[in-house]
Amino acid sequence: MRWQDIYIAGTGTYLPERFPVADAIEQGLVRDFNSGLGYESVLIERSGTAAPDMAVHAARQALRRAGIPTEEYGLHLHAHLWFQGHDWWSAANYVAARSSGNQAVAFALDQRSLTALGGMHLAAGYLSSGAASTAMITTADRFTAPMIDRWNTQRQLIFGDGATAAVLSRTGGVAKLVATVAFGENEMETWTRGDEPFLDFPGQSSPVPVFERVEARMTAPEAANDWKLWVDSMVRLKDEVLAEAGIGIKDIVRAAMPFQHRGDGQAEMHDLIGLTEEQTVWRELGRHTGHIGAGDPFAGINHLLENKLVAPGDHVLAYGCGVGFNFSAAVLQITETPAW
């Protein structure tokens, strides 16, 4: 979808203390398959700040930077992968009430690591319909033991804690949302379900056996076809969003991609779509934070903007997927150098 007059007006993050991965390996926390991925550190929230409060911090920073009165916010989308501090509760309304305002309709989104980009796609449509002029999207996760094992839940990534936020506006901003694409390959949902039966209530396994489910799926006859489908989908995603934006991959200056890494000299996601590692924010940011759930692309965009690593006219690609599987990408064009 190509958009008219949709902008990113402000971004924000809450990124807690870094914990060296070498120390975690020395303590025996990281299994061999995740010990050589290239992470220097991951973020661990040690002060006890809950995920929704982390989101409030990020959202308030984005609010200040956007400079748009809270009464103009008509939508707040809150994304998370993991527990938000209470069962049977709406974290989205909590975060909205403390940031974008009491009047913003608030929804929680759960499409795993894709949700920030998926939320941008949905929010752009909402704003374009005239239902609101401004929207806030937040992400937040705190991957605490014993229910989740941040170090070994999935191959090729280690989870870090953190929160991010982005303000979308019809009235201008520091980057124009040129185009977004989103699509699903729903038959691949078994990768994080495995062949386990459905349960009647949560919390029956600690930690949640995501790794075991994925390993079981890898031995299924369909696994090879699923891998090909994933690769084809990632290439299709790149091709479609660039076509919608009317540019080529050579026009992309920087990219905000998932903070996951195969390491050991293996081909990475950026290689698949024709970008260099230097064009991503992996070396500058991702290898120091870990995979902060749905927040990687917003953290990457925020990093590029606040460190003045992109200039007016530059195109930025935000790109990724979420297990399930859904795929989404966005092309942004920088319109001004932010004062923040």
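The values are calculated or read from the model by the stated rules, or taken from the named source; none is laboratory data. As the structure is a prediction and not an experimental result, all values here were calculated from the model. Note that we place each Cβ from the backbone using ideal geometry, even for glycine, and neighbour counts take in every protein chain shown. Accessible surface is based on the protein model in full, side chains and every heavy atom, while ligands, DNA and RNA are left aside. Shrake-Rupley method; radii C 1.70, N 1.55, O 1.52, S 1.80 Å.
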* **Checklist (1) hydrophobic (A, V, I, L, M, F, W, C); (2) touching a residue at least 60 places away in the same chain (Cβ under 8 Å); (3) not in a helix (DSSP H, G or I) applied to Ala267, failing item** => (2)
* Scope segment 124-164; condition of a type outside the set (S, T, N, Q), outside any loop (DSSP other than H, G, I, E, B) and either in contact with a Phe, Trp or Tyr (Cβ under 7 Å, 6 or more places away or on another chain) or open to solvent by 20 Å² or more (accessible area, probe 1.4 Å) (or both); matching residues -> Ala124, Gly125, Tyr126, Ala135, Met136, Asp141, Phe159, Gly162, Ala163
* **Residue within segment 222-242 that is assigned to a loop (DSSP other than H, G, I, E, B), more than 20 Å from the chain's Cα centre (by Cα) and within 19 Å of Asp314 (Cα to Cα) present** => no
* To do: Give the residues of segment 61-71 that are surrounded by fewer than 18 Cβ atoms within 10 Å (Cβ to Cβ) and within 22 Å of Ala339 (Cα to Cα), sorted by residue number.
  => Arg64, Gly67, Pro69, Thr70
* To do: Please work out which one of (1) out of contact with any Cys (no Cβ under 8 Å at 6 or more places or on another chain); (2) among the hydrophobic types (A, V, I, L, M, F, W, C); (3) open to solvent by less than 20 Å² (accessible area, probe 1.4 Å); (4) under 25 Å from Phe143 (Cβ atoms) is the condition Met269 fails and give its number.
  => (3)
* Can you give me the number of residues within segment 93-123 that are in a loop (DSSP other than H, G, I, E, B), open to solvent by less than 50 Å² (accessible area, probe 1.4 Å) and more than 15 Å from Ala165 (Cβ to Cβ)? => 1
* To do: Name the single residue, out of those in segment 1-60 being polar (S, T, N, Q) and open to solvent by 70 Å² or more (accessible area, probe 1.4 Å), that is farthest from Ala116 (Cα to Cα).
  => Gln27
